[in-house]
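Scroll down for the structure; my scribbles are underneath it.
Every read-out reported here was derived from the displayed coordinates using simple, explicitly stated rules and does not represent laboratory data. Note that the structure is predicted; figures quoted are calculated from it, not measured. Cβ placement follows ideal geometry from the backbone for every residue including glycine, while neighbour counts extend to all protein chains displayed.
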Amino acid sequence: MNNENSDRNDGLSNLLAERVDANRADLVGQYQRILQESLFGNRALVRPNILKQVAIEEADAFHSFLSQPGFSGVERGEKLHQAGFNIGSVLKLSQVTCQFLLGHLEDHQFEFILETVDTYRRAVAEGFIQSIEKEHRVEMEQTRNALQRGAS
């Protein structure tokens, strides 16, 4: 029974990956649009001229998540944070992904789509948070070192 579910899920993941491939330009365009809409809520690192590349990389990352066992999305979340995006922009990308898939698949796949996007979203968010925590640790260490130098 468990093996049947695994085979079914693998088949659905492959179907989702095929749909992402077949409609890649549309997905990239939707990602780029949502990134442009949320541009000014991000840190100053995010420049308008990188949004298309970020959208392409997001489509590639999601496709990898669907087609490569073991690809979790954590690294993607780290990269999005390091590029200067805020968590709102990251969550909007997940929303676009879900809407995209729901528009390109059958109703009976609804539950699997939601679970898949949620799993990817959680992994990306985990990576994003890890990157924030790492950044805070570095800042705290720099502050501690500066205070120690000032006390000497």
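A few notes on this one:
- Lys, Arg +1 and Asp, Glu -1 on Cβ, resulting dipole of region 2-151 about Cα centre, debye, nearest 20: 940 debye
- Calculated P(r) over Cα pairs in 10 Å bins from 0, in percent (choose from (i) 8, 24, 23, 13, 9, 10, 9, 5, 0; (ii) 11, 39, 33, 14, 4, 0; (iii) 11, 37, 29, 14, 7, 3, 1), label: (iii)
- In terms of other Cβ atoms within 10 Å, L114, L35 run from fewest to most in the order L114, L35.
- Look at where the Cα atoms of region 81-138 and of region 10-79 average out, and the two centres are 9 Å apart.
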